[in-house]
Every structure is written in structure tokens, then in C-alpha cells.
Amino acid sequence: MAARSRSESILVTNAHDGQRSRKPDELIVEEPMTVQLDAVTVSTTMRTPGHDFELAVGFCFTEGLLAGVHGDTVPVKGVRYCAATGSAAGSEFNVVSVETGGLAPAPRPRLGNTTSSCGLCGNDAIDELCDRLSLLPASLPIPLDVLQSVPDTVRGTQELFEVTGSVHAAASFDADGKVLLTREDVGRHNAVDKVIGRMLLDGQLPASGLGLFVSGRASFELVQKAWAAGFSTLVAVSAPTALAVHTARRAGLVLAGFVRNDRLNVYAPERL
């Protein structure tokens, strides 16, 4: 299958210094994608096409849908585009099925439809996600000057942002600040799931000792996903929510916010 277009050129009216002109502007593509696990629909999310298999696998993993009866992660045996009837092209490649051969517990939907920016709601659902996770193992802290350098380093890998200026990025990085993997999407949590999904498929989880960068605020959901994947540190260019901070402290996850221009705030642990 040919690569899907992730941006679209649209004519706009530009006003500058009292002058008007018509010119093309490159806009990010946003389309719905339905995720199935062993042929059961578990979610529909708005996303930017590209790395769809990683997104589906990452979502299933971070939502605990791949958790086996003994707390292990069941293997993913296949990922494919599909459709209820006809060919995958008939669904415009917007339905992805993750297959475990029935090894995963019987799935149930977390949400019916989600937007590209919102995720979890409901205290019961929050408690359910956190209760299945254990305290992160201790690891050597990543130096603060390294954390401060990460946003600029990741910016150099954000190809879609350079074209459209309207996508989020997530990236994994090591203790030296080297960016290992970057993914972009119209949704922050989608970009994170794409990173985690790729790492799971490559056998690189848990991400012990590694950091996860996000190009927006640090919500509870992003902290929970970083915790589930085993990252030791989460870096965000904007502020965290109060629930995100409480969850990071519960997890033993280092959480840094407002990481830009050689400054940052460390919200978790409570004290360095």
C-alpha cells in the first residue's frame, strides 16, 4: 500500500501589512481510526494517518488490554487493516485489528469515541488503570541539564510540525539526551501510543532508565501511559495537571514540566 498523505494543501487568504493574497497552506490530516482487539472493537480515536499499527498496539498495551492472567504481556501475533465487510480499502484503511489468537483477555471498550486531545474519564476507570501497575524500579536519574536540552533536540526530528505547525510529538530518549524514536500526531496521546507501540513490537519494553518527551501538557493519561511502559522520566513543554503529579508521585516517575529555554519545574518526586 502506498504511503497515506498526512497533510493536505489548502488555499487560504493571507493578510499581512494591509495586503491580501491567496496562497496554499499545508494542514495536518485528521481521520478516525477504529482499534479492534481479536476482532472486538475497543476504541475509535481521531488521529493523523501513519504508524497506525504502532498506534493500535500501543493503545491496547497502555490500556491494559494485553495483560495476561499472570500479569505478563501477551504476545501480539499480527496487526492488520481490516473492514467489517469488503476490503480494507473500503474502510479507507481506518480500521486496524490487533491479533493475539485469543490469548488476550476478552476485551471491552474503554470509551466509545475519543477525540484527538481527550482521553480517560471517570474515577473508577482511573483507579482500574493505576491499580494494575507496580511502583517503577529505581534507576539512575537523568541529569537536569539533559532534560532541559531534550525539547530542542526533539524539535529537529519533528518533520510534520515543520510542514504544518499543528501536530504534537512524543519521543523516547536516553540518559545522554539522545533521541531514540519520535512520532507525531494530531493527538498527544496518539503520538505517545505510537512510540510505545513501536517499542513493544521491537521488544524494547519496559523502558527502564529512559525518558519520554511530550510536546504539550502532561495530563494524567500521559503519565499513566509512561508508567505502563516503564519509563523513568516524563518531560513536557507545558504544565502538568494536579492528577498527573499525584499519579507520577505514586508511580515513582520523575515528572518535569515547562521544560523550555533552559528551565524546568520538577513536580515528581516531591523533592529531588
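The values are calculated or read from the model by the stated rules, or taken from the named source; none is laboratory data. Not measured: the values here are computed from a predicted model. Reconstructed Cβ throughout: ideal geometry from the backbone, glycine too, with neighbour counts over all protein chains shown.
See the values below:
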quantity	calculated
Of residues in region 170-186 being touching a Ser or Thr at 6+ places or on another chain (Cβ under 6 Å) and either in a strand (DSSP E or B) or of a type in the set (D, E, K, R) (or both), the one surrounded by the most Cβ atoms within 10 Å (Cβ to Cβ)	185
Any pair with Cβ under 7 angstrom, 6 or more apart, that starts in region 23-47 at a residue that is under 11 Å from residue 107 (Cα atoms) and ends at one that is in a strand (DSSP E or B) and among the hydroxyl-bearing types (Ser, Thr, Tyr)	36/97; 39/97; 41/34; 43/114
Scan of region 42-57 for residues that are assigned to a strand (DSSP E or B) and of a type outside the set (Lys, Arg), ordered by number	42, 43, 44, 45, 46
Tabulated pairs, region 53-73, first under 18 Å from residue 93 (Cα atoms), second modelled with pLDDT under 95 and aromatic (Phe, Trp, Tyr), C-beta under 9 angstrom, 6+ apart or interchain	53/81
Any hit, region 71-93, residues being of a type in the set (A, V, I, L, M, F, W, C), touching a strand residue (DSSP E or B) at 6+ places or on another chain (Cβ under 7 Å) and modelled with pLDDT of 90 or more	yes
Counted residues, region 128-169 - those being among the polar types (S, T, N, Q) and loosely packed, with under 12 Cβ neighbours inside 10 Å	1
Matching residues, region 217-264, being part of a loop (DSSP other than H, G, I, E, B) and on the phi > 0 side of the Ramachandran plot	230, 252, 261, 262
Which numbered condition residue 39 fails, given (1) under 25 Å from residue 188 (Cα atoms); (2) modelled with pLDDT of 80 or more	(1)
